[in-house]
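To keep things clear, I will list the structure first and then write my remarks on it.
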Amino acid sequence: MKATVFHDYGGPDVLSYEDFDDPSVGPSDVLVEAKAVALNHLDLFVRNGIPGLKLEMPHVLGSDISGIVAEKGEEVPDTIEVGESVIVDPGISCGVCEFCMKGEESLCPTFGILGEHHRGGYAEQISINHRNVIAIPETSGLEYVGAAAIPLTLMTAWRMLISRAKIQPGDDVLIIGIGGGVALAALQIAKTAGARVMVTSSSDEKIKKAKDLGAHLGINHKTNAAYHRSILKETNGRGVDVVVDSVGAATWGKSLKSLRKGGRLVTCGATSGPIAETNINLVFWKQLEILGSTMASRSELRDALKLVWDGRVKPIVDSVYPLSEANKAHELLEKGGQFGKIVLEP
Ligand SMILES: [Zn+2]
């Protein structure tokens, strides 16, 4: 089969479209003929090399895959049939530890992500345990490109807002840096949950698009650097209930200042850098909660997908490239100009 791989860490030009061994299908696995695979910021981090993460080269990126079941192992149950359209749950866990037994797979000591710790979906085919495959209901009307744009960011945003920050109807939710996949999924989930959503971006165009998706307020954090003051003004000095911040170092302090007393900051990443100053006075005096969140459990993904199947959360796709031009897609993602997901087609 063909795959886009890299043999060494580096910039987008290390990505190479080449012949790669066909995957072997174990007794519990299904072979998915990939129709689309979406990019995530994670792909850039892995391609550049994550300290402490040792990969077997060549490595295949790609966490978000949609496709058709082409073959199944002898122990795969009848709930999955050859020819079915599926998406792939990118979370890989042991299935037997104390956390997996409780259905908290993302806390599993060996938890890994397809395309990061395991070879992923920048390929024509992928073999994966049947437990990671979810059929796309025909009634959803979802096409492969849209389906691939869903899993990782949807599950991440769901766990952040619903399980960790426990948002309530009427909450004010501030989402930092609208335009990326997690932020857009968070916007849609928060709206569905009855929250009022405010967003920040460095682009007026992205703010306009976010308002079209239901954002109440958008602040350009490039032209209005003290955006936390605008948030306090908008909330009559109270501050917001929840801040969703996956930007990290560049926004951390302002995110804390934007919170109401007893508010919750939830983070799933730090695209601008992981080291930031925290004013501890703010944390104890305002009794803030700082919540970390990573991916989600199998059941959280399935809960979140209900919103996609019935159309309440929609995939937002920025652009589509052939798999052979993954390097161009990476360049676009690195520039950060996209609104929604960038998807590759094998
Ligand atoms: Zn486990």
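Only one residue in GLY218, GLY194 is among the small types (Gly, Ala, Ser) and buried (at least 18 other Cβ atoms within 10 Å of the Cβ), so which one is that?
None of the other options fit; the residue is GLY218.
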When only residues in segment 305-328 that are among the aliphatic types (A, V, I, L, M) and in a helix (DSSP H, G or I) count, which is nearest to MET295 (Cα to Cα)? LEU305
Would you check if there is a residue in segment 223-235 being touching a helix residue (DSSP H, G or I) at 6+ places or on another chain (Cβ under 8 Å) and part of a strand (DSSP E or B)? no
For GLY95, are the conditions met, namely being within 16 Å of the ligand (Cβ to nearest atom) and at pLDDT below 95? yes
Within segment 251-265, does at least one residue satisfy the condition of being over 30 Å from ALA147 (Cβ atoms), buried (at least 22 other Cβ atoms within 10 Å of the Cβ) and of a type in the set (D, E, K, R)? yes
Flagged in segment 231-250 as surrounded by fewer than 21 Cβ atoms within 10 Å (Cβ to Cβ) and under 21 Å from TRP285 (Cα atoms), in numbering order, are LEU232, LYS233, THR235, ASN236, GLY237, ARG238
Within segment 61-92, tally of residues that are surrounded by fewer than 24 Cβ atoms within 10 Å (Cβ to Cβ) and within 14 Å of the ligand (Cβ to nearest atom): 1
Is it fair to say LEU114 is buried (at least 22 other Cβ atoms within 10 Å of the Cβ), within 16 Å of the chain's Cα centre (by Cα), of a type in the set (A, V, I, L, M, F, W, C) and not assigned by TED's automatic domain parsing to the domain that holds GLY194? yes
Which of the residues that make up segment 51-60 are surrounded by 14 or more Cβ atoms within 10 Å (Cβ to Cβ) and more than 18 Å from ILE342 (Cα to Cα)? LEU55, PRO58, HIS59
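The values are calculated or read from the model by the stated rules, or taken from the named source; none is laboratory data. On a predicted model such as this, the values are computed, not experimentally measured, just so you know. As a convention, Cβ positions derive from the backbone with ideal geometry for all residues, glycine included, and neighbour counts pool all protein chains shown.
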